[in-house]
Amino acid sequence: MINQYPVWKYLLIIAIILAGVLYALPNLYGEDPAIQISAVRAEAVSDEISDSLQRVLRESGVPVKSTELADGQLLVRFPDTETQLRAVDYIKASLDSGYVVALNLSPATPNWLRSLNALPMYLGLDLRGGVHFLMEVDMRAAIQQAMERNAGDIRTLLRKEKVRYSIIRPGLDSVSIKFRNEQEREKAIDVIDRDFGNLVLTSLDDDGIELVASLSDVEVRETEKFALQQNILTLRNRVNELGVAEPVIQQQGSQRVVVQLPGVQDTATAKRILGATATLEYRAVDIEHDVDKALAGVTPPGSRLYRERDGQPILLKKQVIVTGDQIVNARSGFDQNSGSPMVSVTLDGKGAQKMLAFTKESVGKPMAVVFIENRNIVRLVDGEPVRTTRKVEEVISVATIRDVFSKRFQTTGLDSPKEAHELALLLRSGALAAPINIIEERTIGPSLGKENIEQGFLSVVIGFCLVLVFMALYYRVFGLVADLALTLNLVLMVAILSLLQATLTMPGIAGIVLTVGMEVDANVLIFERIREELRNGNSPQASIHAGYEKAFSTIADANITTLIAAIVLFSFGTGPVKGFAVTLTIGILTSMFTAIMGTRAVINLIYGNRRAARLLI
């Protein structure tokens, strides 16, 4: 018989179907409103914290569906969103600032499916709800910070070259340098022009002998471009703390960044994480003055009073040796001598020069590491949560400089390996290169997302059912086979989206609906070809064989051209357009499999082993 598949083909098709059903299954279980608690300072959320929070919620009459303590994080699930929102105030009031409390929607997938890495596909902001931010980078601040760095570098260079100056004063977009005579200014121009080719130097004599250094137009554009790119990189790393699946962080124009966090309902927590400015400063310890006098209010000029983590006061020099933006790499690990957590730091060229110059003059003297962070504090006041932001500067390490070093060294004094890992992550991404301002903020509630899901699902069901009815009535047995293939196609699409952990959006649903029509088109071409062969007097078996063989090239041409269009859309499109292109691409590939191999296998099982007098087509 010419219409028979070898056994291995049937086994392959069955294996693909079973795998598709397995990996599509998690999408039936839905999601639970949940609260995720993770530690900032402590190594992990302990069993005692978990028991304490469960007791607080129980005494407050808040029902809890389940709790999960894994990977140092506590996940508390609730029966509905109202209960989740009611519970978050009690949880935040029960914890100190060392913990991050984030609201999200957690998949209710059974453990046996999760053990097979079978997870539901992600839903986009328009389907799941979440927060949308439009942020603007303060480019003036970026230029000002660049000029402040240049001022410090110029100061160090002139001292090194023994060029005398009266004062160096950084401004908003330039650095002003005053000299005692023109000879010193001319020497400074030669030195600065040699080492700082990106600066434009202008001589002024209106108010003394002055030299103004400013950035060239090209350098201004490069600085702004770097600030935007650095902020995008930093934001990408910071949303990890929120546990957000498939966040959207992309550039819009030359100064703005769009951030979409699906599933996040706590806007305040999202804003705190995105706007955080955690970084390090390395400063010299002031060992020449008395700390007790500084505590009494008499702080020596050039120094500032800080506190260590244990509360001990310490005097540090105001001049910063190296800042976080000069760190090019950071890795967490353990100190070989003490076994305590540490971060291995690598500096850029300018940072290495500064550290080398400082350590040459400071062997045997102490150097401190200052950790700077903006923390969000939440307290219940008269039953209402009140949030405040507080800048915390604390000395995490004081070590004596034993030898001269420059580019690579270690930072110790951290509380836990987890804190060392998070600090290394922040340092690798760097602090925000310039402040960001949230100019547009939208919260899309789960109810709106639910409505979008229902409407999208309804559109798929209506289109799907109409096609099923038409095919069954018009092509009879062959139509029912096409309906079976169509159902399998939807299952395989959902399975692949889940396996790839792709994000489904409303345009993605449109791509699914379009794919349904495309698969039917392939089946119609095959079935009409079979009917044409029957009209030409061929036998049923020969007609089936010729129908699939001759229609294949037409189906392939149509699908390949659509696939090229989908690839172009994915390559050049953004956001929703990419979502449409992804589902369209997956749909083309699965529909080719189900419309050709799938239906052929079923038709072969029905007609391949017998001599049929006629076909029900």
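Read the figures in this text as sums done on the coordinates, not as results from a lab. Small disclaimer: the values here were computed from a predicted structure and weren't measured. Positions of Cβ are backbone-derived with ideal geometry, glycine not excepted, and every protein chain shown enters the neighbour counts.
Values computed for the structure shown
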read-out	value
Peptides 209-221, 487-499 ordered by average Cβ neighbours within 10 Å, highest first	487-499, 209-221
R0 of 60 Å, Cβ-Cβ distance Lys318-Ile17: FRET efficiency to nearest 0.05	0.30
Counted charge near Leu490, where neighbours are those whose Cβ lies closer than 15 Å (Asp, Glu -1; Lys, Arg +1)	-2
Descending Cα extents along the principal axes, the chain, whole Å	109, 65, 46
In nm, spacing of pseudo-spin labels at Gln250 and Tyr5 (7 Å Cα→C-beta vector)	3.8
Spatially proximal lysines relative to Lys65 (Cα-Cα < 26 Å; intrachain offsets below 8 disregarded)	Lys92, Lys450
Projected label distance in nm at Thr554 and Phe572, using a 7 Å step from Cα toward the beta-carbon	3.1
Extension gain, Glu454 back to Asn198 (0.36 nm per residue minus Cα-Cα distance, nm)	86.4 nm
Angle between the chain longest axis and helix 47-59 axis [Cα atoms, degrees, rounded to 10]	70
Rounded to 10°, Cα long-axis angle of helix 506-535 versus longest principal axis of the chain	30
On Cα atoms only, tilt of 540-572 relative to the major axis of the chain in degrees	20
Residues of type lysines that Lys187 reaches as a straight line, Cα spacing below 28 Å, ignoring anything fewer than 8 places off in the same chain	Lys160, Lys162, Lys178, Lys350, Lys354, Lys360
Karplus (6.51, -1.76, 1.60) ³J(HN,Hα), θ = phi - 60°, over region 218-233, in Hz, Gly and Pro reported as x	5, 5, 4, 5, 5, 5, 5, 5, 5, 4, 5, 5, 5, 5, 5, 4
Shape call, region 306-376: gyration tensor on alpha carbons, a/c limit 1.5	rounded
Mean Cβ count within 10 Å, highest first, over the residues of peptides 349-358, 120-129, 5-14, 336-345	120-129, 349-358, 336-345, 5-14
Order by protection proxy (mean Cβ within 10 Å, highest first), peptides 578-586, 150-158	578-586, 150-158
Pair-distance profile P(r), taking every C-alpha pair of region 31-107, with 10 angstrom steps and integer %	20, 60, 20, 0
Mean ellipticity per residue at 222 nm, deg cm²/dmol - from DSSP H runs of n ≥ 4 across the chain, formula -39500 (n - 2.57)	-16000 deg cm²/dmol
Computed label-point distance, nm, for sites Arg55 and Arg140 using a 7 Å Cα→Cβ extension	5.4
Proximal aspartates and glutamates to Lys9, defined as alpha-carbon separation beneath 20 angstrom and excluding residues fewer than eight positions away on the same chain	Glu549
